[in-house]
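Peer 1: Structure below; questions to follow.
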Amino acid sequence: NIVCFRYRAEGLDAAGLNALNGRIRQQLLEEGQFYIVQTLLKGELYLRVTLTNPFTTAEDLSAMLEACERAAQMSLKTVS
């Protein structure tokens, strides 16, 4: 019930990807629709979701991933 994942973007080194994933998490927390924590695995920052609600659907997970994608794209625009 625990899923760790990492957003990847071309052209970013490990430190840049760590920062990007941290910004994705922060944006989602500020929006308030999804609660994602972070964890370090071998020095890399991963987003971590714990699924405990039996009513969570595939659509819920797709919406969360779409929100991650939007947050990443917004973050990449402001950095470049």
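The values are calculated or read from the model by the stated rules, or taken from the named source; none is laboratory data. Because the structure is predicted, anything quoted here is derived from the model rather than measured. Cβ atoms come from the backbone with ideal geometry, glycine included; neighbour counts cover every protein chain shown. Remember, those area values only see protein heavy atoms, side chains included, never the ligands or the DNA or RNA. Shrake-Rupley method; radii C 1.70, N 1.55, O 1.52, S 1.80 Å.
Peer 1: Starting with the highest mean, order 60-69, 21-30 by the number of other Cβ atoms within 10 Å, averaged over the residues of each peptide.
Peer 2: 21-30, 60-69
Peer 1: A further question on this structure: Keeping every protein chain present and rolling a 1.4 Å probe, give me the accessible area per residue for the stretch 1-64 in Å².
Peer 2: Averaged over the residues of the stretch 1-64, the accessible area is 66 Å².
Peer 1: Then there's this: Treating only the Cβ atoms of Lys and Arg (+1) and Asp and Glu (-1) as charged, compute the dipole magnitude of the chain about its Cα centre; round to the nearest 20 debye. Write out the running numbers ahead of the final one.
Peer 2: Numbers: 8 positive and 9 negative charges, 51 e Å.
My answer is approximately 240 debye.
Peer 1: For the stretch 20-80, which whole-number percentage of the solvent-accessible area (1.4 Å probe, protein heavy atoms only) is attributable to carbon and sulfur atoms?
Peer 2: Here it works out to 54 percent.
Peer 1: Per DSSP H run of n ≥ 4, the term is -39500 (n - 2.57); total these for the chain, divide by its residue number, and report the mean residue ellipticity at 222 nm rounded to 500 deg cm²/dmol.
Peer 2: -17000 deg cm²/dmol
Peer 1: With P(r) over Cα pairs in 10 Å bins from 0, in percent as the read-out, I listed (1) 18, 53, 26, 4, 0; (2) 16, 32, 32, 18, 2; (3) 16, 44, 28, 10, 1; which label goes with the value calculated from this structure?
Peer 2: (1)
Peer 1: Can I ask one more? Using the alpha-carbon atoms, what tilt in degrees (0 to 90, nearest 10) does helix 14-31 show relative to the longest principal axis of the chain?
Peer 2: 40 degrees
Peer 1: Right, here's the next one. Cα axis of helix 58-79 to longest principal axis of the chain: angle in degrees, 0 to 90, nearest 10?
Peer 2: Taking the Cα atoms of the chain, the angle to 58-79 is about 20 degrees.
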